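The values are calculated or read from the model by the stated rules, or taken from the named source; none is laboratory data. For clarity, every value in this text was computed on a predicted model and none was experimentally measured. Methodologically, a virtual Cβ is constructed for each residue, glycine included, from the backbone with ideal geometry; neighbour enumeration extends over all protein chains shown.
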Amino acid sequence: MSTYQAPLKEFQFLLETVAPLAELSKLEHFADATPDTVRAILEESAKFARDVLDPLNWSGDREGSKRNADDSVTTPKGFKAAYDGYRAMGGAALPMPEEFGGLGLPRSVVTLTDEMLHSSNMGFGLMPMLTQGAIEAILLAGSDTLKATYLEKMVSGRWTGTMNLTEPQAGSDLALVKTRAVPQADGTYRVFGTKIYITYGEHDWAENIVHLVLARLPDAPEGVKGISLLVVPKMLVNADGSLGARNDVKCVSLEHKLGIHASPTAVMQYGDNGGAVGYIVGQENRGLEYMFIMMNLARFGVGLQGVGIAERSYQRAVSFARERVQSRDVAAPKEPSVPIIRHPDVRRMLLRMRSQTEAARALAMATAYAIDLSDAHPDEDTRKANKAFADLMIPIVKGWSTEMAQDVTYNGVQVHGGMGFVEETGAAQYYRDARITTIYEGTTAIQANDLIGRKMAREGGVTAKALIGTMRAFAASMGASHNVNLKSSQAKLIAGIDAVERAVEFNLSNFNSNVRACFAGSVPMVKLFGIVCGAWVLARVALEADRRIGTGHPDKAFYEAKIATLRFYTDTMMPEALAAADTIVNGADGTLALAEASF
Amino acid sequence: MKVLVPVKRVVDYNVKVRVKSDNSGVDIANVKMSMNPFCEIAVEEAVRLKEKGVVTEIIAVSAGITQCQETLRNAMAIGADRAILIETDVDLQPLAVAKLLKAVVDKEQPRLVILGKQAIDDDANQTGQMLAALLGWGQATFASKVEVAGDVATVTREMDGGLETISLKLPAIITTDLRLNEPRYATLPNIMKAKKKELAIVKPADLGVDVAPRLTTLRVDEPPKRQGGVKVADVAALIDKLKNEAKVI
Amino acid sequence: MANLVIAEHDHGSLKAATLNVISAATAIGGDVHVLVAGHNASAAASAAAQVAGVSKVILADGAAHGNLLSENAAAQVVANAASYTHILAAATAYGKSVAPRVAALLDKAQISDIIKVIDADTFVRPIYAGNAYATVKSNDSVKVLTVRGTAFAPAATSGGTGTVESVDCVADSGVSSFVSAEVTKSERPELTAAKIIVSGGRGLGSGDKYREVLTPLADKLGAALGASRAAVDAGYVPNDYQVGQTGKIVAPDLYIAIGMSGAIQHLAGMKDSKVIVAINKDPDAPIFGVADYGLVADLFEAVPELVAKI
């Protein structure tokens, strides 16, 4: 039996290394986020995840959300009560500005609380994630009236939010959006159209749902520059803030899907009865621009889903491997059968799961820390440099963490053997739930395109090269340690950085002349960056662990595990990075060789 | 009305402790520590009494090492108004804790002290009763329901074969059982506010209490391992084993 | 050395727990006296006097003890404690309420829940919910102890030749008073709170058989009823009976698994039970690997026999 236990000690260590909270709480903006307060917040959130959300995960998957004949949606048993508890705790308010009832906590902290949500119950965690996104959009571009009407209620979790982008013909390519928004004399709009894949588009947790909808005005220019963003509430809001009439929007069906069954994925119909009342967010035709600013955080959030589900899958696999007795120890064939954790290949699988999860988490934390500094540091150059680093990392956090989650949850099932293929052990659910993460909020290829194009080629590789320099300087500093494992990892890290440099050079020098070759290697580029940057942050953590062991710290086993995990990772994952670099530099011809007609 | 709630920092109830290899105790280095669950119930009950308007101020108090401050902050996040830490590195035994608490009661003059019935580390189940005796107050142990009206607390207690209701003249001591309430989660805004509440630190010597241990733990052992897989011949043999060996029926 | 046992009684008779405490006192050595603090409790006192090993019973009879309030009981013990080196009570709700008050009034430490007497100063007691056993030595001149009943065999209720000596009853403390009592009705306990669970698997064959065979046993033991997933899936019993990874996680004192194979998912839900009994006709069923006591037998014969003989 496996109960989710948030890796609080690991969280704490990250807040002392790659995302030093003590530094953040020196900034005026985060003065309240002192280490002891944050520790208490993480512990309480961990309790909630363990005692309330994790026990609902499996039943939520079995039961799923159901649409009723009156267009309402019933979520699985226990979910509404869990949401009420989450709201009462103030969970929804963590990162939001204090002006609207939030707590203004740094992203470095929220990253960890979000991970716990997704580890314990991804189907549940989607709701806060989407609502956060909707809040961000209104904060970013909404008028004062919109902010006053919606934000406080959304921050408190009383109302929830959705993001309405996709349409049947407009998936990754939002230029094809057809939903119409027609301006009215009173300054509002009437919205008509169909939106699909709307997570929590309808549910029974809250009295109002605030839909953020991409639509096209009648006179809008073609393509991406003709899309506007509107707020369309499920219930209209009166001037005094009370709820008015039902708006002309409804859920017309729910998708049947591979995973995240607890969360309803709705098809939303706007304007069947004269038009849904909508309110413009920011300026007309600039919707996609706002959406992309906000999308950064949403993508980062999906990356955390990858980390969270991987952590949970690992915990369950370890718990099973300790208990399941099967076959003898290969080195002691005459002894009785042993728990399978004794078998070398099970060890390999578990460490592969663990090391990738820890690397992806540490990378997300390093990114979160950069986001915090880019928001709150008094020095403009520091803000700019951190913003550039975070922007570079976001497609990697999203693309790589979610791809590695596939590998981790695959092995999570594999460790269980046949017991993993049957649903009852719960291992299979993580495998299914993880599957969406490489798809929504931009597939891995979309992340990869963002990485090699917008984040690299467009700026001549300035930020990528700066990162390479930073990683090199760090790798050199590892030489101070006498630990043999760290020395071995240092050499492998340097080889990885060399590979990144080769691949970046290839991308920069071919982007204009041979762009198809660059895009043929875009997804391998995400993997290469993920693995190497993952090794870099793991090594930062391990170096500090080595230092603490040297000072006679009592928790030696924990710190030694950090070094051992790094060693495994650089020995077994780094070769995959080198292979990815080879694919980027030498693989394009092969990838593009086969004629389209021959497929 | 003022209420005092003593709280203890213990190994988290989810941690399965291991006996140290030298049998000197259990290994609690680097394990997660939390507020004793029965103490959480005590804090929750005090907060509910405050929400009902019966109680005006809740003072949380803990005795032990510096890190007990975290436990007190937690109590304040749930709803205690201020806190007192009696700071000492001495291994405190229940009688010493009861004497320390008596000194705090003498100073603060609460009308009610609500404690957990026992701590899940030493499982002693003594402190509340000892404090009541030292103060000459009435006590209601193992409370599953508490009502306070005027100068009287009516408490339903969980006894071995059922429930018993008694009436206590205030001031009095109540110790909590599991079913008294279900403690709330500290809200995250309240965790942040707790940081700003008053936490006073005193030493046992300031209170004039001798906390020297009276009991010495000579050794700590693993409980005997269960003997798995014994097959019994028939029903009679099974009943014999259950009655006389396992002693479970 | 002299031991004073605080009797637990209902005035008319002695509660069984007291007999275990008397055994513990006997194990310490020296005289064993029993204090009966009650109202119209001479019957309880004479019962105590007949218990093997008891040399004297002190009867404090008076209205103050009519409702067995801890404050008065503790005051009574202290009033009569002068000549004793050991004061013992059962680790029951009553004993746990009285003994610490006595200890505090005497300014002595208490050792709770002892399961073994090493010598007159040294005792073994469980800590961390029984996950460790501590051997504890008291440095005090008087030892106040509570005794875990299951660890000491009950003393014989006859054969004792104790005298009964009456002492003055203390005055009522005035700080507490009895209001009412409610004896628990013997409804079936909740699965997760039950001390004993009788659990059935697909070996029972049908829902009717499940009820016919298992209910009498559960009634007799005051046990909760559970089931394997296989039995739930087969429709024998509702979902909330299911014990296992995806059902309820239980850890009762006694878990009786009947007609179930012991799938790993089931074991995950009950393996922390203190004592596990398995009854199954297949000697190779995995359930026997975790059972403390396994009985290879046809459950349709063995379970009714168990009900009859238990």
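A residue that is more than 12 Å from chain A (Cβ to nearest Cβ), under 27 Å from the mean Cα position of the chain (by Cα) and crowded, with 22+ Cβ neighbours inside 10 Å occurs somewhere in the stretch C:268-275. The number of residues in the stretch A:27-41 being outside any helix (DSSP H, G or I) and basic (Lys, Arg) comes to 0. Checking C:64, C:43 one by one, the residue that is farther than 19 Å from residue C:92 by Cβ and crowded, with 18+ Cβ neighbours inside 10 Å is C:64 and no other.
Scanning the stretch C:96-112 for residues that are within 7 Å of chain B (Cβ to nearest Cβ) and crowded, with 24+ Cβ neighbours inside 10 Å returns C:96, C:97, C:100, C:101, C:103, C:104, C:109, C:110, C:111, C:112. Can you name the residue in the stretch B:153-196 that is more than 14 Å from chain A (Cβ to nearest Cβ) and either touching a Cys at 6+ places or on another chain (Cβ under 6 Å) or charged (D, E, K, R) (or both) and is also farthest from residue B:79 (Cα to Cα) among such residues? Among residues in the stretch B:153-196 that are more than 14 Å from chain A (Cβ to nearest Cβ) and either touching a Cys at 6+ places or on another chain (Cβ under 6 Å) or charged (D, E, K, R) (or both), the one farthest from residue B:79 (Cα to Cα) is B:160.
If you go through the stretch B:150-178 and keep only what is in contact (Cβ under 8 Å) with a residue 24 or more places away in the chain and either assigned to a strand (DSSP E or B) or under 22 Å from residue C:9 (Cα atoms) (or both), you end up with B:153, B:166, B:168, B:169, B:172, B:173, B:174, B:175, B:176. Being surrounded by 23 or more Cβ atoms within 10 Å (Cβ to Cβ), modelled with pLDDT of 95 or more and in contact with a helix residue (DSSP H, G or I) (Cβ under 8 Å, 6 or more places away or on another chain), is that true of even one residue in the stretch A:238-256? For the stretch A:238-256, residues surrounded by 23 or more Cβ atoms within 10 Å (Cβ to Cβ), modelled with pLDDT of 95 or more and in contact with a helix residue (DSSP H, G or I) (Cβ under 8 Å, 6 or more places away or on another chain): absent.
Residues are listed down the side, and each one gets a yes or a no for (1) in contact (Cβ under 8 Å) with a residue 40 or more places away in the chain; (2) of a type in the set (A, V, I, L, M); (3) over 18 Å from residue A:120 (Cβ atoms); (4) in the same structural domain as residue A:200 (by TED's automatic domain parsing):
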site: A:5; (1), (2), (3), (4): yes, no, no, yes
site: A:10; (1), (2), (3), (4): yes, no, no, yes
site: A:16; (1), (2), (3), (4): yes, no, yes, yes
site: A:21; (1), (2), (3), (4): yes, yes, yes, yes
site: A:49; (1), (2), (3), (4): yes, yes, no, yes
site: A:57; (1), (2), (3), (4): yes, no, no, yes
site: A:60; (1), (2), (3), (4): yes, no, no, yes
site: A:67; (1), (2), (3), (4): yes, no, yes, yes
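Listed by position, the strands (runs of 3 or more DSSP E) contained in the stretch B:1-68 that have at least 2 residues being within 14 Å of chain A (Cβ to nearest Cβ), under 20 Å from residue B:185 (Cβ atoms) and of a type in the set (A, V, I, L, M, F, W, C) are B:33-35.
Of everything in the stretch A:1-26 that is part of a loop (DSSP other than H, G, I, E, B) and buried (at least 23 other Cβ atoms within 10 Å of the Cβ), the residue that is nearest to the other protein chains (Cβ to nearest Cβ) is A:6.
Annotation note: of A:306, A:274, the sole residue that is touching a residue at least 24 places away in the same chain (Cβ under 8 Å), among the small types (Gly, Ala, Ser) and surrounded by fewer than 24 Cβ atoms within 10 Å (Cβ to Cβ) is A:274. Scanning the stretch A:24-74 for residues that are among the aliphatic types (A, V, I, L, M), at pLDDT 95 or above and farther than 23 Å from residue A:10 by Cβ gives A:27, A:56, A:69, A:73.
Counted as qualifying within the stretch A:407-495 are the helices (runs of 4 or more DSSP H) with 1 or more residues that are more than 14 Å from every other protein chain (Cβ to nearest Cβ), namely A:427-434, A:444-452, A:462-477. So, residue A:122, is that one under 21 Å from residue A:397 (Cβ atoms), touching a helix residue (DSSP H, G or I) at 6+ places or on another chain (Cβ under 7 Å) and aliphatic (A, V, I, L, M) or not? Criteria met by residue A:122. Among all positions in the stretch C:165-175, there is no residue which is loosely packed, with under 14 Cβ neighbours inside 10 Å, under 17 Å from the mean Cα position of the chain (by Cα) and either within 17 Å of residue C:20 (Cβ to Cβ) or at the interface with chain B (Cβ under 10 Å from one of its Cβ atoms) (or both). Looking at the stretch A:521-541, is at least one residue without any contact (Cβ under 8 Å) to a residue 24 or more places away in the chain and more than 22 Å from the chain's Cα centre (by Cα)? Scanning the stretch A:521-541, I find no residue that is without any contact (Cβ under 8 Å) to a residue 24 or more places away in the chain and more than 22 Å from the chain's Cα centre (by Cα), so the answer is no.
The single condition among (1) among the hydrophobic types (A, V, I, L, M, F, W, C); (2) modelled with pLDDT under 95; (3) not in a loop (DSSP other than H, G, I, E, B) that residue A:332 does not satisfy is (3). Filtered by the rule that a residue be crowded, with 21+ Cβ neighbours inside 10 Å and within 14 Å of chain A (Cβ to nearest Cβ), the stretch C:251-264 gives a lone residue, C:262. Right, residue A:324: in the same structural domain as residue A:138 (by TED's automatic domain parsing), touching a strand residue (DSSP E or B) at 6+ places or on another chain (Cβ under 7 Å), in contact (Cβ under 8 Å) with a residue 60 or more places away in the chain and under 20 Å from residue A:423 (Cβ atoms) or not? Here the answer is yes, as residue A:324 does meet what is asked. Checked against (1) out of contact with any strand residue (DSSP E or B) (no Cβ under 8 Å at 6 or more places or on another chain); (2) over 30 Å from residue A:378 (Cα atoms); (3) of a type outside the set (S, T, N, Q), residue A:13 meets all criteria but (2).
Residues in the stretch B:125-139 that are free of Cβ contacts under 8 Å to residues at least 40 places away in the same chain and either farther than 17 Å from residue C:94 by Cβ or more than 7 Å from chain C (Cβ to nearest Cβ) (or both): B:134, B:135, B:136, B:137. Of the candidates C:166, C:158, the single residue that is over 30 Å from residue B:111 (Cβ atoms) and in contact with a strand residue (DSSP E or B) (Cβ under 7 Å, 6 or more places away or on another chain) is C:166.
The residues of the stretch A:116-137 that are closer than 22 Å to residue B:190 by Cα and touching a Phe, Trp or Tyr at 6+ places or on another chain (Cβ under 9 Å), listed by number, are A:116, A:117, A:128.
Please go through the stretch A:286-304 and give me each residue that is part of a helix (DSSP H, G or I) and of a type in the set (D, E, K, R), ordered by number. Break it down into steps so the answer makes sense when it comes.
Of the stretch A:286-304, the ones part of a helix (DSSP H, G or I) are A:287-304.
Answer for the stretch A:286-304, where residues must be part of a helix (DSSP H, G or I) and of a type in the set (D, E, K, R): A:289, A:299.
If you go through the stretch B:1-58 and pick out every residue that is polar (S, T, N, Q) and within 13 Å of the chain's Cα centre (by Cα), you end up with 2. Contact annotation: no residue pair with Cβ atoms under 8 Å, 6 or more positions apart or on different chains, pairs a residue in the stretch A:140-164 that is without any contact (Cβ under 8 Å) to a residue 12 or more places away in the chain with a partner that is charged (D, E, K, R).
Of the residues making up the stretch B:197-249, just one is facing chain C (nearest Cβ under 7 Å), part of a loop (DSSP other than H, G, I, E, B) and closer than 30 Å to residue B:108 by Cα, namely B:214.
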